[in-house]
Structures are given as structure tokens and as C-alpha cells.
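The values are calculated or read from the model by the stated rules, or taken from the named source; none is laboratory data. All values reported here derive from a predicted model rather than from experimental measurement. Here the Cβ positions follow ideal geometry from the backbone for every residue, glycine too, while neighbour counts run over all protein chains shown. Keep in mind that these areas ignore ligands, DNA and RNA; they rest on the heavy atoms of the full protein, side chains included. Shrake-Rupley method; radii C 1.70, N 1.55, O 1.52, S 1.80 Å.
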Amino acid sequence: MTLRPGTYRPLTIAEGVRTSAQRTPGKVALQEGQRTRTYSELVDRIDRVANATLDGLGIAPGAHAAILAPNCLEFVEVALGLATAGVPPAMVNPRSTAAEAALVCDNAQARVLFVHPSLEELARLCEFESVRELVVLDTRYDDWLAAARSTPPTVELEEWDVFSIPYTAGTTGRPKGVLLSHRSRVLTFFAMGIEYGCYGPDDRALAIAPLFHGAGFAFAVAPIFFGGCCAILPHFEPEEVLRQLAEHRSTNAFFVPAHFHALFALGEETMRSFDTSALRTIISNAAPLPQVMKERIVEHFGEGVLFECYGSTEGGIVSNLRPADQLRKERSVGLPFACTSVRVLDDAGEEVASGEIGELYSRSPYLFNGYWERPEETAATLRGGWFSAGDLARRDDEGYLYLVDRKDDKIVSGGVNIYPREIEEVLLRHPAVAEAAVFGVPDERWGEAVRAAVVVTPGVQPSDDELLELCSEHLARYKLPKSIDRISALPRNASGKILHRTLREPYWQGRDRQIS
């Protein structure tokens, strides 16, 4: 057995913030509107959260807590404080119903729920089994902190200890608690810092995505881990995003594809009225970025700015497409991150040849510890220590990865595999189509038929024939949609992924759908 050297210090999530506070204690670390937290204030409050949880609430390290709040300063300090106490928080979607919030809290066996005042009424409607304390993030929270010790707690943390438990329904609809360790998050920050080059002390980030989501939280904390500044937006509002980018002279921001759709819907004149020239790094993640949208982003914000990251809450960061390749490698999600290995496997577990489609597996220091109390589902995602999020992919001769589709979303028609994303990319090239989703519906002859749902630009109604003509120019006949629905909005999960399952379900009620 190898003994740890006396110099050993575990990697922990709050350590970077603490060392940044030692360097620049008076510098603003976090900002939300007119409210700020300097580094010294943030570390003080992190320690007070930890001590008030351990001493005031009597919750022991290893127990769980929960946070129910929109984006706010308190979200970050509570999450980091709980992690410092060894009490990882389950992160609850602030759009949850009372039943949904209670389900997550009880599943995580959370002993305390930290709740934003705007959601206090919802929290008090919850019929909790595990939660015994509510801490409301208003003046009562400030009083609670004021009574706590401000010295660092004496909890001994290991880097493999769980830092947080974001809950993901993914695209299957079953909520699962994802156990993320301190080590995986800290190493993720270092890998992102190297790849994106935008998390130095002089950088200013804008946090737009929901903090309760694994990626949203990571992209908000990475800047302050290395001594930069992060401005937090409570809610996504397209014009306000542009205003904040301009006013804060933000150097980097993380978006999901749905954000870009909303931004460009403002129109070019509005977009150009805000000075976003300080923005050097745009990172897109959480869902595939359509090629036509990549081209619009590059045209508006310039070359050398856009990065597209592929990953998942469980698998962490997997690959990244750098700015120089955005137009050269169409629909690619790039090359693996540092310290990441990938494999594209067939159903027998054998590596497929270049250009062939298989299931994408990765192995890296960024992987999760497993699902909370779901050992069978954890095992189902792993193959010899390699993780799969259920995505189908291929690699080209240069090693670049291309996401084909999710395994569960594949359409099998007449024994032939059809991948919705390919068809969606074509539909999105029509100037009147803002969003598109393609899915399989029952067909007596072929097993499944291709159906599309599109969101069109207000005031414009392209005919089915017009859209099918576009598809026929780029796709084989068997891939053409048999019908096209117009809907007001596509169903999405918290990370912005389109829920093809939700679109499919009404057509498959009472029937078995098998994907081979």
C-alpha cells in the first residue's frame, strides 16, 4: 500500500476560491445585479454556511442537503459551504412542482432544504419525508450565518468525496442523482482552463445557464476557482444577456443552443446595438449545436471565438471543437479533452472502423462516482470502466468525433436505421424554420415512420411541399418525413436537450417500441 506523502492535500471544490481570496481578498468574485461578493466575503460566508450546518443544524458530514433556488449569489455560497462541510447538496430544478421537488429531496435523503424566498411557498407545500429544516435565503438566512463561526471547519475531506448531487432526467424521464466528486470537478476546471484559455484572474464570465444543472454550475464556478470574476443572471432574457455582456465587458460565457435561438430571434439590428467585442470565448454545451447556427454565431461574433463542448453530467467533459474547426469540420464535436480516452463500439463491444457508427464511450478523471442508490443503472452505463451516455457517434480519419444521435432516438424503418439529427439539420436550413425535431411513429408496414415537428418564424408558414422539397435535395427518399407538425415550442429538459421521447409518447401509447 502506497503511503501518502506529508505534502498531500486533497483536491476540493472550495480550495481554489480560498487561495484566490488570499491573493486578492478585496476583488469582486461574484456579482448579481447590484449585489456583489468579494473573495474575502465569499470565503467568510462559505465557512459560516459549513459551520452553521454542522453546529447549528447538527447535520454530520456524509449526510445530504438540497438547494431549491434560481440563479443567485446565495446558490454558489451555499453549495460551496455545504461541500466544505462534507454535506453534498442535491440540486433541485426551481421549475419543479411541489411533488417533483419532494421526490428529489426525499430520494437524496436531504436533511435540510435551502430555498429561495420566491419558492418558499412551493417548499412549504411539499410533503417531505426526509427534510426536517428549511433555510430561507433572505434576512433569516443572513441572521443564521451571523450566528455561525467564520473559521474554516475541521472536516477532513477526501477528493473522492461527493461534492454535489445534480439530478438529471436526461431524455428518459427518470430522475437520477448524479454523484460528482470534488476531484472530478477540480480537474474539470483545470482541463477547461487549458482548453478554453478564459479562466485567468483578468477574465470576466457571465453565468447564464441554470446553476442547479451540473454544467451551469461548473461554468460559473470555474472562473472564481482561478481568481476571475463571474456575473450571475437570475433568469435568461435574451436582450438582458446582451446588455450584461456589454456592460460587464464579459470575456467568456457559456450558452446552450436554445439560448442562441432566442438571441438571434431578436434580429440583427438589436444584436448589433450591443458592444460585445470583449467576448473572446463562447462555449456551447448541453445539446448538439446545429451547423446552421454555428455559421450564424461565427458570422456575428467573429472567428476564433466559438467552442463546442460535448459531455454529460455523468461523463463530464468529453470532447471539444475549437474555433478553427467550426466551419472546417461540419457537425463535429471535436477531439477529446486532455486526459480523456474515447472508444466507438458496436453492440458486441468491438471498436468500429473510421466513419462507421457506434456507441460512444469515454474514460477520464472527470467521470461521476455513480448514481445515488442506483447500482444497476450505474453498471448499465459502464463497460469495463468506460462510460456511455447513450450517444451514437463516428470518427473521421483525423480522429474528430461526430454525434449521430441518441441511441434511444434512432428510428428503425423497414429494418433501416434513420438518425433524426441528420434530418433536423436539413430542416433547419430553411430560413423560416427556427427549431426542428424528428422522431419515429408507428407504421403498420415499415414498423416506424419518420415524423417531424417544426417551430416556424412568426408570420411565416412554409408549406409541407416546400419543406419536403428541401429535404429531398439532401436526403434519401426513405429518410423524408411522412408528416410535419407545426408547434409553438419544442419540449426540452433543463439542459436544453430536445425531448424526442415527449413527442413520441402519444403515438406509442399501448404499443411496444423496440430499438435494435
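Points worth noting:
- Signed unit charges on C-beta, dipole axis of the chain, positive-most listed residue Ala452, Trp160, Phe217: Trp160
- For the chain, the residue among Tyr310, Ala98, Thr7 whose Cα projects farthest onto the positive side of the dipole built from Cβ charges is Thr7.
- Within the range 361-413, none of the trypsin sites (Lys or Arg not before Pro) combine a DSSP coil assignment with at most 14 other C-beta atoms in a 10 angstrom radius.
- Under-5 Å amide H pairs with Phe337, H placed in peptide plane, nonlocal only: Ser319, Asn320
- Whole-Hz Karplus values for the range 362-371 come out as 9, 9, 6, x, 9, 5, 6, 7, x, 8 Hz, taken residue by residue from phi with 6.51 cos²θ - 1.76 cosθ + 1.60 and θ = phi - 60°; glycine and proline positions read x.
- Karplus-derived 3J(HN,Hα), 6.51/-1.76/1.60, for each residue of the range 465-472, Hz, glycine and proline x: 4, 5, 6, 5, 5, 4, 4, 5
- The share of alpha-carbon pairs in the range 357-425 lying farther apart than 16 Å comes to 58%.
- Other-chain or far-sequence residues with amide H under 5 Å of Phe163's (modelled H): Leu180, Ser181, His182
- Where both bridge residues fall in the chain, DSSP classifies roughly 60% of the beta bridges as antiparallel.
- What the phi angles of the range 338-354 give under the Karplus curve with 6.51, -1.76 and 1.60, with θ = phi - 60°, is a coupling list of 4, 6, 10, 10, 10, 9, 10, 10, 7, 5, 8, x, 9, 5, 8, 6, 3 Hz, glycine and proline written as x.
- Protection proxy ranking, peptides 349-357, 476-484, average beta carbon neighbours within 10 Å, highest first: 476-484, 349-357
- Charges were assigned to the Cβ only: +1 to each Lys and Arg, -1 to each Asp and Glu. The resulting dipole of the chain about its Cα centre is roughly 680 debye.
- Expressed as a fraction of 2.2 N^0.38 Å, the C-alpha radius of gyration for the range 100-207 is 1.35.
- Dipole-positive endmost among Val256, Ala191, Ile208 within the range 168-264 (Cβ charges, Cα centre): Ala191
- By the helix-only formula, in which each DSSP H run with n ≥ 4 contributes -39500 (n - 2.57) and the sum is divided by residues, the chain has a 222 nm mean residue ellipticity of -8500 deg cm²/dmol.
- Among 441-452, 12-23, the order from most to least packed when residues are scored by Cβ within 10 Å on average: 12-23, 441-452
- Carbon/sulfur fraction of accessible area - the chain, other protein chains in place, 1.4 Å, %: 50
- Cα long-axis angle, helix 73-84 against the chain (0 to 90 degrees, to the nearest 10): 70
- Taking all protein chains together and a 1.4 Å probe, the residues Glu247, Glu330, Glu120 rank Glu247, Glu330, Glu120 from largest to smallest accessible area.
- Size of charge dipole - the range 1-155 - debye, nearest 20, with Cβ of Lys, Arg +1 and Asp, Glu -1, no other charges: 700
- Once C-alpha pairs closer than 8 Å and six or more residues apart are averaged by separation and normalised to the residue number of the chain, the relative contact order reads 11 percent.
- Order by protection proxy (mean Cβ within 10 Å, highest first), peptides 302-308, 101-107, 457-463, 433-439: 433-439, 101-107, 302-308, 457-463
- Percentage relative contact order, the range 247-330, counting C-alpha pairs under 8 Å, at least six apart: 27
- For the chain, the per residue solvent-accessible surface stands at 42 Å², with DNA, RNA and ligands left out and a 1.4 Å probe.
- Once the Cα atoms are used to define both axes, helix 182-196 deviates from the longest principal axis of the chain by about 60 degrees.
- The H on the amide N of Lys176, modeled in the peptide plane, is under 5 Å from the matching H of Thr168, Ala169, each at least 5 residues off or on a different chain.
- Theoretical gain in end-to-end length, Asp443 to Leu266 [0.36 nm per residue, Cα-Cα removed]: 59.7 nm
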